[in-house]
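Asker: Here it is, the structure, as structure tokens.
A short reminder: the numbers here are calculations on the coordinates, not readings from a lab. Values in this document were obtained by computation on a predicted structure and should not be read as measured data. Ideal geometry is used to build each Cβ from the backbone, glycine not excepted, and the neighbour counts take in all protein chains shown.
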Amino acid sequence: MQYPRNILQPVFDYLKKLETDLLHRKKSLAKEDPFADASRLNDNASDDTEAAEQFGHAQSAALGEETSDALKRVRGAMDRVDDGTYGKCIKCGEMINTDRLGIDPTAEMCMDCAKNVK
Ligand SMILES: [Zn+2]
């Protein structure tokens, strides 16, 4: 069984929007990263500033990674809409509970398989 494409269209649109949002977030994160500020190379920053920059960079990097992961999941889901496997567990091939997909449209595994992974 698989979902007809027309039923998945709103899901696809939603995923597309998520993708756009995530790309925006990625861009603004890159801008917020103190290490992206070229002028800092020239200033004689105090140790305090240096530490704050290190922290800011670590935070930006962590958020960036999170965003990249989310982006990967969103794109994976969009691919599955395209090839007609959306809603099917990538592990066991069973249909994923629609409530679960409602909560996380990027879910790629059924509840049971997801439980076994974690
Ligand atoms: Zn499964």
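Asker: Any idea which of Gly93, Leu29, Ile103 is furthest toward the positive side of the dipole for the chain, if Lys and Arg beta-carbons carry +1 and Asp and Glu beta-carbons -1?
Answerer: After comparing all options, I get Gly93.
Asker: Separate question: Going 7 Å from the Cα of Cys113 along its beta-carbon direction, which residues of the stretch 73-95 have the amide nitrogen within less than 11 Å of the resulting point?
Answerer: Correct set: 86-95.
Asker: Most exposed first by the Cβ proxy, i.e. fewest other Cβ within 10 Å, how do Cys113, Cys89 rank?
Answerer: Numbers: Cys113 16, Cys89 19.
Lowest to highest Cβ neighbour count: Cys113, Cys89.
Asker: Once the piece of chain linking Glu53 and Asp13 is laid out straight, how much longer is it, given 0.36 nm per residue of separation minus the C-alpha distance between them?
Answerer: On the way: separation 40, 0.36 × 40 = 14.40 nm, distance 3.78 nm.
Contour length minus Cα-Cα distance gives 10.6 nm.
Asker: For the pair Ala61 and Ile90, what calculated FRET efficiency results from E = 1/(1 + (r/R0)^6), where r is the Cβ-Cβ distance and R0 = 41 Å, to the nearest 0.05?
Answerer: Numbers: r = 28 Å, r/R0 = 0.69.
The calculated FRET efficiency here is 0.90.
Asker: Counting Lys and Arg as +1 and Asp and Glu as -1, what is the net charge of the other residues whose Cβ lies under 13 Å from the Cβ of Met78?
Answerer: +1
Asker: At a threshold of 8 angstrom on Cα-Cα distance, excluding pairs fewer than six apart, so keeping six or more, what relative contact order does the chain reach in percent? The partial results should precede the final answer.
Answerer: Values: 97 pairs, mean separation 35.5, N = 118.
Worked out over the chain, it gives 30 percent.
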